[in-house]
Amino acid sequence: MTDNAWPGDWLRGVLELCVMQALSAGPTYGYAIATELADRGLGVIKGGSLYPLLQRLEQAELVVSDWRAGDGGPGRKYFSLTPAGYAALAAQTHRWLEFTALTTALLTAHPAGGTR
């Protein structure tokens, strides 16, 4: 994880895509998703951001969920991508990569603080 928190606007713009990417490896639960994203450098993703996003993905039929018994503890709600979710992930990833290439080119065209 980075020492500085990423701007909230940046995270809001990419969180859905990153959550869907975390789910692409197979069914998992919210805390594991948040941990994976933090371990990959996004920082702490709070439940108040993650769970409403998962609910929106489920309402859009991109994700399904089911409760599973816990190993000696409470059950957990597992989330999985649907076929439509995998298709949306592929399409949105393609668009995101185009967007970041465009913005990278724009931001590196002239050195920051340079004059014209």
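All other residues whose Cβ lies under 15 angstrom from that of LEU37 are scored, Lys and Arg at +1 and Asp and Glu at -1, for a net of 0. Selection among ALA105, LEU53, THR28 by position relative to the dipole of the chain gives ALA105 as farthest towards the positive end (Cβ unit charges, Cα centre). For the chain, place one equal point scatterer on every Cα, skip the solvent, and apply the Debye formula. What is log10 of I(q)/I(0) at q = 0.11, 0.14, 0.21 Å⁻¹? Relative scattering, expressed as log10 I(q)/I(0), comes to -0.44, -0.66, -1.23. With θ taken as phi - 60° and the Karplus curve 6.51 cos²θ - 1.76 cosθ + 1.60 applied, the whole-hertz 3J(HN,Hα) list for segment 36-41 is 4, 5, 5, 4, 8, x Hz, x standing for glycine and proline. Using Cβ point charges alone (K and R +1, D and E -1), the dipole size of the chain about the Cα centre works out to roughly 160 debye.
No value in this document is a laboratory result; all are computed from the given coordinates. Just so it is clear, the model here is predicted, and its values are computed rather than measured. Please note: Cβ atoms are built from the backbone with ideal geometry, for glycine as well, and neighbour counts cover all protein chains shown.
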